[in-house]
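First up is the structure itself, then whatever we jot down about it.
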Amino acid sequence: MSIAKISFSKVTALLAVIALVYWAMTAEQLAAQEKAPEASDVATTTDAALTRVEARIIQAQDYSQHHIVQGQIEAWRSVDLRTQVSGTVESLPVEQGEPVKAG
């Protein structure tokens, strides 16, 4: 696009955007300067007004996803399992996990 083909409205819009960005940047800088404490205020602060903190140097260490703890558990509710017929199981003619049919 040549300079001759740029319309007056596009140039005006571009200048308005540049002016808006410049205004926003200078306003932010002025606001930051107003919030900054004076150098004399910082120099007169006493040690009593400062907050003491502790710092520790930490080192990387292994993390275990399993923890061994002691305690007691209690069920939310209890159930009773009973047979319909009383008696003793004398033999089990199937292997564990083998499918069975009723009857």
Review point. Of Val100, Val94, Val53, which residue is assigned to a loop (DSSP other than H, G, I, E, B), of a type in the set (A, V, I, L, M, F, W, C), loosely packed, with under 10 Cβ neighbours inside 10 Å and under 51 Å from the mean Cα position of the chain (by Cα)?
Key: Val53
Check your understanding: Which of the following residues is of a type in the set (A, V, I, L, M) and modelled with pLDDT of 85 or more: Ala32, Ala39, Ala27, Ala60?
Key -> Ala60
Practice item. Please find, within region 1-24, the residue that is modelled with the highest pLDDT out of those that are under 40 Å from the mean Cα position of the chain (by Cα) and small (Gly, Ala, Ser). Key: Ala19
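The values are calculated or read from the model by the stated rules, or taken from the named source; none is laboratory data. Note that this is a predicted model, so its numbers are computed, not measured. Here the Cβ is made from the backbone with ideal geometry for all residues, glycine too, and neighbour counts use every protein chain on show.
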